[in-house]
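This report concerns only the one structure given below.
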Amino acid sequence: MITGMNHTGFVVKDLDRSVEFYREVMGFELVRLVERNGGPISQVVGYEDTHLSLGGDHMLELVEYRKLASSDRPTQERAVLGAGHLAFDVDDIEETYRDLTSRGCVAMNPPARLAPDRAACYMQDPDGNCI
């Protein structure tokens, strides 16, 4: 039986760049940086030489596969099997949208009002992961 959420994971091309982005732009706290090679982690992910970074209240796991070149995301379309996103609550979506786009997030759409007290938009991190 499922007892709760554990973490969200994104594959990234450059772990150092992504850690900097999520710390400096998104305000995450780096909890730990782990380099795992062989053993159980290789069995789980199916690759050797896996590098992980973890942080935030809801753990965001950033994974860089160093011995394999990660493919770029082939499209910005949202209707792609396997596509997902990580959603955040913010105080002011318009201000957050302006701030994040000025600091490297790629805007996929401007904020849209879903209800009188609710708005949403999609953006992408430097590796094309939807946030």
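The values are calculated or read from the model by the stated rules, or taken from the named source; none is laboratory data. Because the structure is predicted, anything quoted here is derived from the model rather than measured. No Cβ is skipped: glycine too gets one built from the backbone with ideal geometry, and neighbour counts run over all protein chains shown.
Inspect segment 45-56 for any residue being modelled with pLDDT of 65 or more and either basic (Lys, Arg) or within 24 Å of residue 100 (Cα to Cα) (or both) and give the result as yes or no. Scanning segment 45-56 turns up no residue that is modelled with pLDDT of 65 or more and either basic (Lys, Arg) or within 24 Å of residue 100 (Cα to Cα) (or both). For the structure I just gave you, tell me whether residue 115 is of a type in the set (Gly, Ala, Ser) and either out of contact with any strand residue (DSSP E or B) (no Cβ under 7 Å at 6 or more places or on another chain) or at pLDDT below 90 (or both). It is true that residue 115 is of a type in the set (Gly, Ala, Ser) and either out of contact with any strand residue (DSSP E or B) (no Cβ under 7 Å at 6 or more places or on another chain) or at pLDDT below 90 (or both). Remark: pairs (first residue in segment 16-32, within 17 Å of residue 87 (Cα to Cα); second residue of a type in the set (Lys, Arg); Cβ separation under 7 Å; 6+ apart in sequence or on different chains) = 25/103. Select from segment 99-115 the residues that are in a helix (DSSP H, G or I) and loosely packed, with under 14 Cβ neighbours inside 10 Å and list them in ascending order. Listed by number, the residues that qualify are 99, 102. Residue count for segment 88-122, restricted to those that are among the aliphatic types (A, V, I, L, M) and in contact with a Cys (Cβ under 9 Å, 6 or more places away or on another chain): 4.
Checking each residue in segment 4-32 for being touching a His at 6+ places or on another chain (Cβ under 9 Å) and surrounded by 15 or more Cβ atoms within 10 Å (Cβ to Cβ) picks out 8, 15. If only residues of segment 74-96 that are at pLDDT 65 or above and under 16 Å from the mean Cα position of the chain (by Cα) are counted, the one that is surrounded by the fewest Cβ atoms within 10 Å (Cβ to Cβ) is 89.
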